[in-house]
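Below: one structure, written as structure tokens.
The values are calculated or read from the model by the stated rules, or taken from the named source; none is laboratory data. Nothing here was measured: the structure is a model prediction, and the numbers come from that model. Note that each Cβ is placed from the backbone with ideal geometry, even for glycine, and that neighbours are counted across all protein chains shown. Quick note on the areas: whole protein, heavy atoms, side chains included, nothing else; ligands and nucleic acids left out. Shrake-Rupley method; radii C 1.70, N 1.55, O 1.52, S 1.80 Å.
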Amino acid sequence: EPSWRAAVGSSSADGIRRAKLARLALAAAVVCLGLGLGLGLPSERRPSGSCPASISGGLSGVLGWTYFAAWSASFYPQAIQNYVRRSVVGLSFDFALLNLIAFGCYSAFNLALFLSPTVQAEYAAAHHSSSAVRPNDVFFALHALLISAVTLL
């Protein structure tokens, strides 16, 4: 019959193994979501440099949606932990509040560049190109703002 220490040791090793698998599964899910959204949603055609616009647009979409998924996933552990514990002990209030302010500004910036023809025209006149803000930028900014607000609750 195994000793108590051996049982705890194997249980602890199993827990570490499960945690590693969970991290790997999360990373795979983030990459799959980025690939799925990046390849599944229509990409905007842009003037090409060294590769056709469809390739650069597709790559931009995959990278953009992958960053959206990765950054979005990074917000949830703290929000879930706060909810489960029914406490924000250990949470840096300053960090959370600054995130809320920053993502509020970032959301306003992205929404203006993405939705406002006036702002788009001003940007084009000043920079001699169209805005690089894409739908994934807008979704990320709004999602980050929302989860930052939830984290503070």
Legend entry - Residue match in segment 112-135 (condition: surrounded by 16 or more Cβ atoms within 10 Å (Cβ to Cβ) and of a type in the set (D, E)): no
Legend entry - Pairs where the first residue, in segment 68-83, is in contact (Cβ under 8 Å) with a residue 24 or more places away in the chain and over 12 Å from L152 (Cα atoms) and the second is open to solvent by 80 Å² or more (accessible area, probe 1.4 Å) and aromatic (F, W, Y), C-beta under 7 Å, 6+ apart: F68/F139
Inset, instruction - Could you please tell me which pairs satisfy a Cβ distance under 6 Å, a separation of 6+ or placement on different chains, a first residue in segment 123-150 that is at negative phi, and a second residue that is part of a loop (DSSP other than H, G, I, E, B) and surrounded by fewer than 15 Cβ atoms within 10 Å (Cβ to Cβ)? - result: A124/S130
Legend entry - Top-ranked residue in segment 54-105 [being aromatic (F, W, Y) and more than 15 Å from L142 (Cα to Cα); ranked as most open to solvent (accessible area, probe 1.4 Å)]: Y83
Inset, instruction - Please indicate, with yes or no, whether at least one residue in segment 130-143 is over 24 Å from G58 (Cβ atoms), small (G, A, S) and either at pLDDT 95 or above or not in a loop (DSSP other than H, G, I, E, B) (or both). - result: no
